[in-house]
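Rule-based calculations on the coordinates, nothing more; no lab input. If you're wondering where the values come from, they're calculated on a predicted model, not measured in any experiment. For neighbour counting, all protein chains shown are included, and Cβ atoms are generated from backbone atoms with ideal geometry for every residue, glycine included.
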Ligand code: TUI
């Protein structure tokens, strides 16, 4: 979660028993390095960094995670294949996010440690397949641990993911409303107030981004209706995530959130969210045994 998953949130999640991840997004490499240093001051637990492959800084970011001895990296929005040998040599666990079986199979041959199968219910940059359909296909296609992402809010979602063959889950949207998440309050409020049909896919074909509907998403829809060129989509989207996250511009900013935004009803500390998830999983298991 670029701009959203900062050091404070990553440290709080790791402290609470999860694996906190810093979202590098398209931030300048020096900013990411500072975030990494900040997490190290806040926790001794392992944490990860997500490298967004559409940033122009991929090479620098790879060198930074190696130099800072980050334990785990996840990758998104691209094929990290060429960097795997270098990362593995440095002893880093690598979990690329994949949205298709083809890329999962390709990356499985490169020595990655596992894959994150992300369905299109999630917020931000998405693929085309839902979590329910994608996870079992990837589980069957590779001999690696698979983590499910997209559309997971509570114990029901976690058990569903495990039933599909995943060994764990990645959650974003619910943690945007964690107390430790430093996004602008307007951003959290937009998620808390969202209803089931309030997110929409925006952007150029093949580069779809899920956001909460607003003036910006309507402008994107207009571009799509007019068959605009990719460059026009890029121009409209420039700086819009930062505007929403930092300035709280939720009307003309890009309020990235997944479809489970509708289930988020309040801000909670990360520790409370994780404790609630664990308790909820036990409850769902009991329910299933009673069927
Ligand atoms: O990366 C994400 N989600 C993100 S990154 C992000 S930052 C951003 N900032 C401004 C505008 C747009 C985005 C917001 N959300 N998720 C991981 C993800 N990766 N989802 C889908 C994929 C993916 C898609 C295609 C991974 C690989 C892929 O393959 C490309 C290829 O080369 O085969």
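The three principal axes of the C-alpha atoms in region 158-291 carry coordinate ranges of 54, 30, 23 Å, sorted with the longest axis first.
Adding -39500 (n - 2.57) for every DSSP H run of four residues or longer, then dividing by how many residues the chain holds, sets the calculated 222 nm ellipticity at -12500 deg cm²/dmol.
When each of 199, 55 is scored by the number of other beta-carbon atoms lying within 10 Å, the sequence from fewest to most is 55, 199. Subtracting the Cα-Cα distance of residue 102 and residue 232 from their residue separation scaled by 0.36 nm leaves 43.9 nm.
If the chain between residue 31 and residue 140 were fully stretched, how many nm would it gain, using 0.36 nm times the residue separation less the Cα-Cα distance?
Working: separation 109, 0.36 × 109 = 39.24 nm, distance 3.88 nm.
Value of the extension gain: 35.4 nm.
Quick check: convex hull over the Cα atoms of region 1-96, volume per residue in Å³, rounded to an integer?
Details: hull volume 7.7 nm³, N = 96.
Expressed per residue, the convex hull around the Cα atoms of region 1-96 is 80 Å³.
In terms of overall dimensions, the C-alpha atoms belonging to the chain reach 48, 47, 39 Å along their principal axes, ordered largest to smallest. The order of 88, 37, going from fewest to most other C-beta atoms within 10 Å of their C-beta, is 37, 88. On a C-alpha basis, how far is the centre of region 253-291 from the centre of region 133-178 in Å? Whole number, if you could? Result: 13 Å between the Cα centres.
Percent of Cα-Cα pairs more than 21 Å apart in region 185-260, please.
Working: 592 of 2850 pairs.
Summing the P(r) tail past 21 Å for region 185-260 gives 21 percent.
Comparing mean-square fluctuations of 23, 239, 157 from a GNM of the chain with C-alpha springs under 10 Å, the top value falls on 239.
Remark: C-alpha extents of region 78-133 on the principal axes read 34, 20, 16 Å, sorted largest to smallest.
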